[in-house]
1. List, please: which pairs have Cβ atoms under 6 Å, are six or more places apart or on different chains, and start with a residue in region 207-226 that is over 14 Å from residue 137 (Cβ atoms) and end with one that is part of a loop (DSSP other than H, G, I, E, B) and modelled with pLDDT under 95?
2. Would you check which residues across region 64-79 are over 14 Å from residue 275 (Cβ atoms), open to solvent by less than 20 Å² (accessible area, probe 1.4 Å) and assigned to a helix (DSSP H, G or I) and list them?
3. If you go through region 269-279 one residue at a time, do you hit one that is in contact with a helix residue (DSSP H, G or I) (Cβ under 6 Å, 6 or more places away or on another chain), without any contact (Cβ under 8 Å) to a residue 40 or more places away in the chain and of a type outside the set (A, V, I, L, M)?
4. In the list 124, 135, which residue meets the criterion of being modelled with pLDDT of 95 or more and surrounded by 24 or more Cβ atoms within 10 Å (Cβ to Cβ)?
5. Could we say that residue 193 is part of a helix (DSSP H, G or I), under 24 Å from residue 114 (Cβ atoms) and charged (D, E, K, R) here?
6. Within the bounds of region 140-152, is there any residue that is open to solvent by 10 Å² or more (accessible area, probe 1.4 Å) and farther than 28 Å from residue 248 by Cα?
7. Of all residues in region 229-282, which are in contact with a His (Cβ under 9 Å, 6 or more places away or on another chain), open to solvent by 30 Å² or more (accessible area, probe 1.4 Å) and under 14 Å from residue 211 (Cα atoms)?
8. Given the conditions (1) at pLDDT below 95; (2) in contact with a His (Cβ under 9 Å, 6 or more places away or on another chain), and given that residue 183 satisfies all but one, which numbered condition is not satisfied?
Amino acid sequence: MTKPLLPMLIAVVAFGMTAASAAEPGRAKSFVYKSTPQGELSLKVYLPPEWNRDQQRPAIVFFFGGGFKKGTVQQFEPHSEYLARRGMVAVCADYRVKSRHHVAPDACVEDAKSAIRWVRRHAGELGVDPERIVGSGGSAGGNLAACAGMCPGLDADNEDHSVSSRPNALVLFNPLLRFDERRTVERLEGDAERGRAISPTQHLRADSPPTLILFGTGDKLLRQGKDFMDRSSELAHRAELFLADGVGHGFFNRSPWRERTLARVDEFLVSLGYLDEPSPAL
């Protein structure tokens with residue numbers, strides 16, 4: 001029988017997080033992780049069964065897709081629920097987007113780094129191992145997770161930079177990996193230098209976090225994924241590529257690819273020692 005959860009927090013802490021009881025296993029609890037000029041940003045935390053704050057479990061932080069213009073945290077709710085059942089603390093993070101907050105993609109990257117830093121800073125209350133935090137997302141959200149793992153700078157000025165905003169591993173669903181085409185640079189008002197700053201492939205190093213990338217073979221962004229894999233091979237960096245035959249962008253949001261990609265993600269996380277074998281049937 002699952003034991004009642006103790007209160008997670010007993011006082012007001014940084015980033016506007018208020019006193020609250022821990023979420024029930026399998027259910028999300030929202031916390032404010034950042035205040036911005038455009039408003040507060042929240043994230044949802046999913047806890048595993050038999051959760052205990054002293055367990056130091058691995059965590060995964062998801063960032064939704066939507067071209068840096070739109071999107072909601074609901075996109076990765078099924079993934080969070082599954083990985084919480086598997087024993088991880090799963091997090092769906094909101095961030096500023098153009099349609100709601102009138103910001104450019106580099107501001108989105110700043111928010112992603114803030115979310116990772118918040119989870120690491122509050123690892124003790126969340127029952128998380130601060131050295132086993134995975135960054136993940138789809139499309140634009142995949143870019144944000146990858147930038148947090150590879151691109152220097154773009155940290156919010158008013159945060160404690162002694163707490164790292166870098167995830168320890170990456171799971172990227174059809175991510176944008178380079179801002180070097182006209183249609184993407186235009187999102188940064190034609191500023192190619194800003195584009196390079198949030199192009200993960202250009203910042204890839206041998207010691208970058210181990211990475212799983214998942215693409216459909218019909219996705220125009222796949223060539224960016226292959227370029228990333230080529231560069232990873234040159235550097236002896238650990239990266240793996242999953243290909244879904246005959247499908248395009250966003251394929252992972254629907255059955256049967258949602259289940260197949262989750263199974264591959266599970267396998268990758270087992271290989272890192274973040275999950276135990278065997279994985280349950282999806």
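The values are calculated or read from the model by the stated rules, or taken from the named source; none is laboratory data. It should be emphasised that the depicted structure is a prediction, and the values quoted were computed from it without experimental measurement. Here the Cβ positions follow ideal geometry from the backbone for every residue, glycine too, while neighbour counts run over all protein chains shown. Protein only, heavy atoms only, side chains kept; ligands, DNA and RNA dropped before computing areas. Shrake-Rupley method; radii C 1.70, N 1.55, O 1.52, S 1.80 Å.
1. Partner pairs satisfying both residue conditions: 224/178.
2. Within region 64-79, just 76 meets the criteria.
3. Checked against the condition, which is being in contact with a helix residue (DSSP H, G or I) (Cβ under 6 Å, 6 or more places away or on another chain), without any contact (Cβ under 8 Å) to a residue 40 or more places away in the chain and of a type outside the set (A, V, I, L, M), region 269-279 yields at least one hit.
4. 135
5. So residue 193 passes the test.
6. yes
7. 231
8. (2)
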